[in-house]
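Below: one structure, written as structure tokens.
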Amino acid sequence: MGKESANTNLPAESYPMVGGDGDHSYAKNSSYQKAVSDVAKEMITEAIADKLDLKSLGFDTSNTNTFQLADLGCSVGPNTFIVVKNIIEAVELKFHENPSALEFQVFFNDHIDNDFNTLFHTLPTTRKYFASGVPGSFHGRLFPKSTLHFVHSSYAVHWLSKIPKDIVDNKSAAWNKDSIQCTGFVKEVAEAYSAQFKNDMESFLNARAQELVPGGLLAIVLCGLPNGIRMSETAEGGFYDFLGSCLTEMAKKGFLNEDKVNSFYLPIYFPTSKELEAIIERNGCFTIEKMDMLWDPLQNMKFSPQSVVGRLRSVFEGVFKEHFGSEFVDHIFSYFATKLAGILFSFKETKQHSKVNFFVLLKRKIN
């Protein structure tokens, strides 16, 4: 069983998405993430209809009830608002005898450096809920015990709380000297990344197990890999490899410090379904109600160098600023865009595999 002892919010590296509403902002470069959430909408609606037992949670149609839900890793919007609206509509439909007896409290969570000003400035004026911001890492506790009925997290838990220490140790067999990501081709590197992801997911699940009421639901959408496919064999991994090669070129040309380039890594890990299932079962606090792959919106989306760079920059700009300094960010992504323009279409034809998106629905066990 997972540990349920008191757990304060754990320290974690903080790399929020690009805030505001400018050209590089997450708000203007997250159409892919929105498309994934749109695909997951039906699964969330079905989950609430089939798996959420409001009566066992103490909801009574004759009295006013407060339904509390949280979106972890909410960023700045607008995607989080769409997801919250969908969840609330599904709960109201479930409580059809007297939906007016329901009130909703929504907690928007992200790292302390997240642009909460933009988030709250753009809150829908017609919302049916009371909104609160909860800053902090979801790898630790964020809420009091047994206070949440539904927790949602999309495109967040594949971020690691930190880079595995062996990855940056040039004396370790897991020193990842030739890539900025977990390519999957070096056993020791893959094991180091996988171990860090397991530790982070264990912390995540233990915290949620304490915060959710027994019978409450946890819905997670995250990036993953098909079983047997390595990261660098996917289009997404190929883009990261190409970005890494651009950094190496810039170092050779004297644009970037070579030591800085050699010590730069993306703090993400894409697990397989087998890894996920093993972690959840070992934790023991949840039943797996559903685990499925989502249809990939990339199949219908048009690519351009600008759209690829825009999406990556809106997500990873904070990582680059922290490591290289803000004065180098524009040059790095400009160089990447120029190089990418020359190989994008031929590159797409050489990558036969796609990363996948997992939808995972967990129910807090009733002990």
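Some observations on this one:
- Total residues in segment 57-76 satisfying the condition of being over 14 Å from GLY216 (Cα atoms), of a type in the set (Gly, Ala, Ser) and open to solvent by 40 Å² or more (accessible area, probe 1.4 Å): the figure is 1.
- Leading residue by the ranking (nearest to SER154 (Cα to Cα)) among those in segment 21-50 that are open to solvent by 70 Å² or more (accessible area, probe 1.4 Å) and more than 17 Å from the chain's Cα centre (by Cα): GLU42
- Hits in segment 127-142 (condition: farther than 20 Å from ASN117 by Cβ and surrounded by fewer than 19 Cβ atoms within 10 Å (Cβ to Cβ)): LYS128, GLY140
- Residues in segment 224-238 that are open to solvent by 10 Å² or more (accessible area, probe 1.4 Å) and outside any helix (DSSP H, G or I): LEU225, PRO226, ASN227, GLY228, ILE229, ARG230.
- In segment 85-111, the residue that is farthest from VAL134 (Cα to Cα) out of those that are among the small types (Gly, Ala, Ser) and touching a residue at least 24 places away in the same chain (Cβ under 8 Å) is ALA101.
Results for (1) hydrophobic (A, V, I, L, M, F, W, C); (2) over 14 Å from the mean Cα position of the chain (by Cα); (3) over 29 Å from HIS24 (Cβ atoms); (4) at pLDDT 95 or above, shown as yes or no for each residue.
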residue	(1), (2), (3), (4)
VAL76	yes, no, no, no
ILE88	yes, yes, yes, yes
SER100	no, yes, yes, no
PHE104	yes, yes, yes, yes
LEU123	yes, yes, no, yes
TYR129	no, yes, yes, yes
LEU148	yes, yes, yes, yes
TYR155	no, no, no, no
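- Complete set of residues in segment 45-85 that are part of a helix (DSSP H, G or I) and in contact with a Ser or Thr (Cβ under 9 Å, 6 or more places away or on another chain): ASN79, THR80, PHE81, ILE82, VAL83
- Just so you know, in segment 177-213 the residues that are touching a helix residue (DSSP H, G or I) at 6+ places or on another chain (Cβ under 8 Å) and without any contact (Cβ under 8 Å) to a residue 60 or more places away in the chain include one that is most open to solvent (accessible area, probe 1.4 Å), and it is PHE185.
- Reported count of residues in segment 214-223, each being touching a Lys or Arg at 6+ places or on another chain (Cβ under 8 Å) and surrounded by 22 or more Cβ atoms within 10 Å (Cβ to Cβ), is 3.
- Subset of segment 239-256 (residues that are open to solvent by less than 50 Å² (accessible area, probe 1.4 Å) and part of a loop (DSSP other than H, G, I, E, B)): LEU256
- If you go through segment 260-277 and keep only what is open to solvent by 20 Å² or more (accessible area, probe 1.4 Å) and either more than 19 Å from CYS246 (Cα to Cα) or basic (Lys, Arg) (or both), you end up with LYS260, TYR269, THR272, SER273, LYS274, GLU275, GLU277.
- Flag for ASP178 being charged (D, E, K, R) and either within 24 Å of VAL315 (Cβ to Cβ) or touching a strand residue (DSSP E or B) at 6+ places or on another chain (Cβ under 6 Å) (or both): yes
Yes or no, residue by residue, for (1) under 24 Å from LEU361 (Cα atoms); (2) part of a helix (DSSP H, G or I); (3) of a type outside the set (D, E, K, R):
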position: THR125; (1), (2), (3): no, no, yes
position: LYS128; (1), (2), (3): no, no, no
position: VAL134; (1), (2), (3): yes, no, yes
position: PRO144; (1), (2), (3): yes, no, yes
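The values are calculated or read from the model by the stated rules, or taken from the named source; none is laboratory data. Computed from a prediction, not measured in an experiment: that's the story for all the values here. Cβ coordinates were reconstructed from backbone atoms using ideal geometry, including for glycine residues, and neighbour counts include every protein chain displayed. Heavy atoms of the whole protein, side chains included, go into the accessibility calculation; ligands, DNA and RNA do not. Shrake-Rupley method; radii C 1.70, N 1.55, O 1.52, S 1.80 Å.
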